[in-house]
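Presented below is the structure to which this report refers.
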Amino acid sequence: MREPLFILAPPRSYTSVVGGILGQHPEAYGLPEVNLSKGDTLGDLWDSVPISVNFSTSGLLRLLAELHEGNQSEDAVLRARKWVLQRPHWTPKQVFDHIQDCVGPDRMLVEKSPHNTFTAQNLRRLVRCFPRANFLHLTRHPKTHGKSMLDLMRSYGEDRDIIDPERNWYRSHKNIIELAESLPTAQYMQIRGETLLRAPLVYLPQICEWLDIDSGKDAIDAMMHPETSPYAMPGPPSAPFGNDPNYLLEPVLDFDRLARISEPELDGAVAWKKDGGTLARGTFRMARRFGYA
């Protein structure tokens, strides 16, 4: 049985598109965000989510509906919810094993839930479940990440004054770095999302070789079509998400736009800080560590 791949990054860091790309490799199966690291049991995950919020549960429900019934209709999702509620004692490992059984032993699960990075405890749960898993650390420039996060929150009516995207960026990457220091070198790779998406034909074969999966032309061509995933579109009313909302509306790769992805200078004012504030020293140093200038 293949070991899974976990893409680790905070929200708004290209996880949906990169997960969609890698998940379409013929030897892989790309999952929507399942958020199974948020608790020691399935019941812990479910109890941590307010009833009115379905960002955290949509992906798992859509996945189970698709695997169990071959579709993601509202009725299939409701039956998936019932399946979950009947198994509150299941551990994340048991749920992942069930998913793997449904997918088949020869396909690598590709999981990309940003919630994995919110606490060090979440990441430790993943390693306890899968001590030989591979971890792809995906980064995005802190300035463009912050702007993207605030734009998304404003679109949902959130008050931008109570949001500090830089703090969340730093916290998530600090947790990932601490995890990486505990892993064998071969299980961890870090790459800037901008670098990968500007030149996917250069870097995808390298990632495939690291994962010991086919890096030939047909496999790369398949990954260039993340829109073929059953999770690359909005879900039914009770489970509409599972990936970035913008990605769900436009999952087809726009290679001209990807080639123009920019990385601003780390120096200078930050758009969301008042009075010309700049990046905090810790954020600046960490971004330099990732290769931003």
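Condition check for Glu33 on (1) of a type in the set (D, E, K, R); (2) touching a His at 6+ places or on another chain (Cβ under 9 Å); (3) farther than 21 Å from Arg124 by Cβ: one failure, at (3). Listed by first and then second residue, the pairs with beta-carbon distance under 6 Å, at least 6 apart or on different chains, first residue in region 103-116 and crowded, with 21+ Cβ neighbours inside 10 Å, second among the polar types (S, T, N, Q) and assigned to a loop (DSSP other than H, G, I, E, B), are Ser113/Asn35. Does Lys82 meet the test of being touching a helix residue (DSSP H, G or I) at 6+ places or on another chain (Cβ under 7 Å), loosely packed, with under 15 Cβ neighbours inside 10 Å and at pLDDT 95 or above? For Lys82, the condition - touching a helix residue (DSSP H, G or I) at 6+ places or on another chain (Cβ under 7 Å), loosely packed, with under 15 Cβ neighbours inside 10 Å and at pLDDT 95 or above - is not met.
Scanning region 145-163 for residues that are surrounded by 14 or more Cβ atoms within 10 Å (Cβ to Cβ) and modelled with pLDDT under 80 yields Leu152, Met153, Ile163.
Here Leu67 meets the list (1) out of contact with any His (no Cβ under 8 Å at 6 or more places or on another chain); (2) modelled with pLDDT of 95 or more; (3) under 30 Å from Gly146 (Cα atoms) almost entirely, failing just condition (3).
Evaluated against (1) more than 28 Å from Ser13 (Cβ to Cβ); (2) small (Gly, Ala, Ser); (3) within 16 Å of the chain's Cα centre (by Cα), Gly59 falls short on exactly one condition, (1). Given the structure, is Ser229 out of contact with any strand residue (DSSP E or B) (no Cβ under 9 Å at 6 or more places or on another chain), more than 30 Å from Arg281 (Cα to Cα), at pLDDT 95 or above and among the small types (Gly, Ala, Ser)? Taking the combined requirement at face value, the residue does not satisfy it. Checked across region 95-108, the condition of being assigned to a loop (DSSP other than H, G, I, E, B), touching a strand residue (DSSP E or B) at 6+ places or on another chain (Cβ under 6 Å) and either small (Gly, Ala, Ser) or over 16 Å from Leu136 (Cα atoms) (or both) holds for at least one residue. On inspection, Val77 passes the criterion of being crowded, with 20+ Cβ neighbours inside 10 Å, among the β-branched types (Val, Ile, Thr) and either in contact (Cβ under 8 Å) with a residue 60 or more places away in the chain or over 15 Å from Leu64 (Cα atoms) (or both). From the list Phe290, Phe284, Phe241, the lone residue that is of a type in the set (Phe, Trp, Tyr) and more than 23 Å from Leu22 (Cβ to Cβ) is Phe284. Mind checking whether some residue in region 46-64 is among the aromatic types (Phe, Trp, Tyr), in a helix (DSSP H, G or I), on the phi < 0 side of the Ramachandran plot and without any contact (Cβ under 8 Å) to a residue 40 or more places away in the chain? No.
Among the helices (runs of 4 or more DSSP H) confined to region 189-293, the ones with at least 1 residues that are surrounded by 13 or more Cβ atoms within 10 Å (Cβ to Cβ) and of a type in the set (Ser, Thr, Tyr) are located at 193-198, 200-211, 245-249, 281-290.
Suppose the filter is buried (at least 20 other Cβ atoms within 10 Å of the Cβ), outside any helix (DSSP H, G or I) and of a type in the set (A, V, I, L, M, F, W, C); does Val34 pass it? Yes: the conditions hold for Val34.
The values are calculated or read from the model by the stated rules, or taken from the named source; none is laboratory data. Owing to the predicted nature of the structure, the values given are computational and were not obtained by experimental measurement. Every residue, glycine as well, gets a Cβ built from its backbone with ideal geometry; the counts of neighbours run over all protein chains shown.
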